[in-house]
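In what follows, a structure is listed as structure tokens, so that the remarks can point back to it.
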Amino acid sequence: MEVSFSREIKSLALGQGQTFHGEGILAITKGLLQSGVAYVGGYQGAPVSHLLDVMVQAKGYMDELGVHVEACSNEASAAAMLGASIHYPLRGAVTWKSIVGTNVAADALSNLASPGVTGGVLIVVGEDYGEGASVIQERTHAYALKSGMVLLDPRPDLGHMVDMVEHGFALSEASNMPAILELRIRACHVRGSFQAKDNRISKVSTRQLMEEPASFNYERLAHPPVTFRHEKLKSEQRVPAARQYIREHKLNELYAGKHSDLGLVVQGGLYNTLIRTLQQFGLADAFGKTDIPLLVLNVTYPLVPEELSEFCIGKRAVLMVEEGQPEYIEQELATMLRRADIQTPLHGKDMLALAGEYSAEVMAGGLEKFLRQYRSELLPATVPQWLQGNRDRRAAIAAEITKNSGQPLPARPPGMCIGCPERPVFSALKLAQEQVGQVHIAGDIGCHALATFEPFSFGHSILGYGMSLASRAGVSPMMNRRVLSVMGDGGFWHNGLLTGVQSALFNGDDAVLLIFKNGYTSATGTQDIISSPGHSAGPLPRSDGPLGGQRSTRSDKRGGLAAQAKASAADKRDSVVHTNQTIETTLKGLGVQWLRTVTTYEVEHVRRTLIDAFTSDFNGLKVIIAEGECQLERQRRIKPWLANLLKKGKRVERVKYGVDEDVCNGDHACIRLSGCPTLTLKDNPDPLKVDPVATVIDGCVGCGLCGANAHAATLCPSFYRAEIVQNPRWHERLLAGLRQSVVKILQPA
């Protein structure tokens, strides 16, 4: 089951006079409904996933409002949806994550922005920028500039953000320009409240259908020769209309201050951080009242020359606070001032950091330089001391850690979840390379990208979602050994099918593709895809069986470990619910001839299959589908079910793995081979041995990887598999008691 958003869905139905409480991205979702949106689409990805997830789960309520909601296969298909607003008075919204999504959607956006729109269009982009981001450090701003789209960057206050959603649609309609609403991570997750309004039902919707299509109008096509006229319309009509709307409705906010000889121009999304910075200087109070005048740009494109000129004229200096590079706004502002012959000194990236996230400390460093040059009397002695104190504390902590441990604090990169079905495949790949040699591995976006960290360190490139097979096309012909490409089922449907598989087949490439079939787009929140399993298909883990008490099997031979690995794999096959063969059918239909499906937890089988793919006489695309359900989804599925069984007093059996500390020799190859978070070290209980021993800590989900690795790699025989029974039957209790009695008799006094 997916994460439930039932509480959030209820908040979408709030009406006039009621108070909304929640996160920023959910407030934006409510704002769309209050604006009379007719259709919504998008591709999931933090920090905007909840917008689409909530609407998909609220299908019943969306149907009542006549709103069509579509979970798109990628950002390009989402952007193409907006074509509905070219001819028709339909307000449409789509959403995706950051610059990586905008890159994918760029073609459709350009062809949308050229003819312009009739109905309002709002593109909600989660600007995943800064140290907390998981994507390349670029900005969406460039797309607004090059294609002629409005760019909104609202001040992070829920009520204001919702207002900007409503203005965004109206501004789009007034200017015929698509509008991008840029939301940073903190804006998406900021919490607050606002007074809700009634949701508006679009005049044209799934409940009020159009009788006839629009009349043919060549002017509305993004096709030469009319595209040349579109370019003139952008500069001569659309941008002036947008500027007029921005000015008339005061979308950019002016905050006066007593030190009127200075000025700060800031992107709306950075307002909260700037106010916190000014508070450190004693130049703003707890309610946001500032002593230095602020011009807050809630619309960062197009800029309004009159607003900026009026703000800057007569001042000793102005500081432009713009996060990210290049400094698009600063350059445009400087050009405006020079053209207007306004000689006010303008500062920005010369005093602030060129790149990176603008935290309060970063802003304080730039503001300190600004005040020191123009109004040093406003610079309190506490600020330089505060900044230096922060630097000193970081240095002292680092020195203390180094002194105590003899080395700096180790990095803590993100890792795969406990029991992740992808971990055993990379363990098998490690073992396979011992036989075939090192191979070039083209990585991809998704959970499997975490294999780039230790202990695997796999992946020579990551070029885009679903692009791994395409990215090895220039490497394969130059490599003596076959190249491996890795992608997930989400990446396969997003882009990999066409850009990778189709291209490789068309060109007759000799390559190996490994597809992780975990059933969901797991890295973005485990949303369903076309190949997601049916939740009712296949049996759940056993709730009864012939085993009694607590049975422990311990092995000192490879055969015993093989039996454990096989039993573990059998458990996995029992619990995996993947019966959807859409990927396999699609590949066969496209012409893939060499196709193998493996269960991810069968490490030895996966190892042999990989070796076969690397050494096969078959010359062409070889595809391995590694099937294993996302462990997060599996736990969400089975935990409520098991809890219900326990509540009814029924028998429940679970598997737990452990390490016999008397047998473990302290080699730790098991840890180096898997990197499982629950497989760690503890002090050796034998006083005559120095090396710590391996141990399995609480949190183990019984995936069996440690036992499977021990078998596949012929490791030490210290692993054991225990089956723990809760609510055992009477004969199981009796048998367990007999066993314990025998063990007690055999133990020395």
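Among 656-665, 108-117, 312-321, sorting by the average number of other beta carbon atoms lying within 10 angstrom of each residue, highest first, gives 108-117, 312-321, 656-665. Across the options Pro156, Leu181, Ala76, the greatest Cα extent toward the positive end of the charge dipole of the range 68-213 (unit charges at beta carbon of Lys, Arg, Asp, Glu) belongs to Pro156.
Could you let me know the centre-to-centre spacing of the range 274-313 and the range 485-503, using Cα atoms, in angstrom? Between the Cα centre of the range 274-313 and that of the range 485-503, the gap is 46 Å. Which entries of Lys250/Lys349; Lys648/Lys744; Lys289/Lys349; Lys59/Lys197 show an alpha-carbon separation above 30 angstrom in the structure shown? Over 30 Å Cα-Cα: Lys648/Lys744. Here the chain has an Rg and Dmax of 30.2, 100 Å, counting Cα atoms alone.
About its Cα centre, how strong a charge dipole does the range 660-746 have in debye, to the nearest 20, once Lys and Arg get +1 and Asp and Glu get -1 at the Cβ?
Working: 8 positive and 10 negative charges, 74 e Å.
Roughly 360 debye for the range 660-746.
Roughly speaking, what is the centre-to-centre gap between the range 76-136 and the range 599-620 when only Cα atoms are used, to the nearest Å? If we compute the Cα centre of each part, the gap is 41 Å.
Of the listed peptides 473-484, 34-45, 49-60, what is their order by residue-averaged count of other C-beta atoms within 10 Å, with the highest listed first? Could the numbers behind the result be given before it?
Working: 473-484: 15.1, 34-45: 25.2, 49-60: 21.3.
Ranking, from highest mean packing down: 34-45, 49-60, 473-484.
Of the chymotrypsin sites (Phe, Trp or Tyr not before Pro) found in the range 239-289, those in coil by DSSP whose Cβ has at most 10 other Cβ atoms within 10 Å are Phe287.
Among beta bridges from DSSP that stay inside the chain, the antiparallel ones total about 35%. Note on the chain: helix-only mean residue ellipticity at 222 nm, from DSSP H runs of 4+ residues weighted -39500 (n - 2.57) and normalised by residue number, equals -11500 deg cm²/dmol. Look at the dipole of the range 180-261 built from charges on Cβ: of His223, Phe194, Pro240, the Cα furthest out on the positive end belongs to Phe194.
Of the cross-linked pairs Lys30/Lys517; Lys403/Lys682; Lys430/Lys622, those separated by over 28 Å at the C-alpha level are Lys30/Lys517. Averaged over residues, the count of other Cβ atoms within 10 Å places the peptides 632-638, 724-730, 462-468 in the sequence 462-468, 632-638, 724-730, highest first. The aspartates and glutamates whose alpha-carbon is closer than 19 Å to the alpha-carbon of Lys232, local same-chain residues fewer than 8 away aside, are Glu173, Glu219.
Neighbours of Val475 by Cβ distance under 14 Å: Lys/Arg scored +1, Asp/Glu scored -1, total +1. This model, with +1 at the C-beta of Lys and Arg and -1 at the C-beta of Asp and Glu, gives the range 33-139 a dipole about its Cα centre of some 220 debye. In a simple Cβ point-charge model (Lys, Arg +1; Asp, Glu -1; nothing else charged), the range 108-222 has a dipole of about 140 debye relative to its Cα centre.
Across the options Asn390, Leu352, Leu379, the greatest Cα extent toward the positive end of the charge dipole of the chain (unit charges at beta carbon of Lys, Arg, Asp, Glu) belongs to Asn390.
Computed from the coordinates by the stated procedures, all read-outs in this text should not be read as laboratory data. Just so it is clear, the structure is predicted and the values come from calculations on it, not from any experiment. Glycine also receives a Cβ, built like all others from the backbone with ideal geometry; neighbour counts cover every protein chain displayed.
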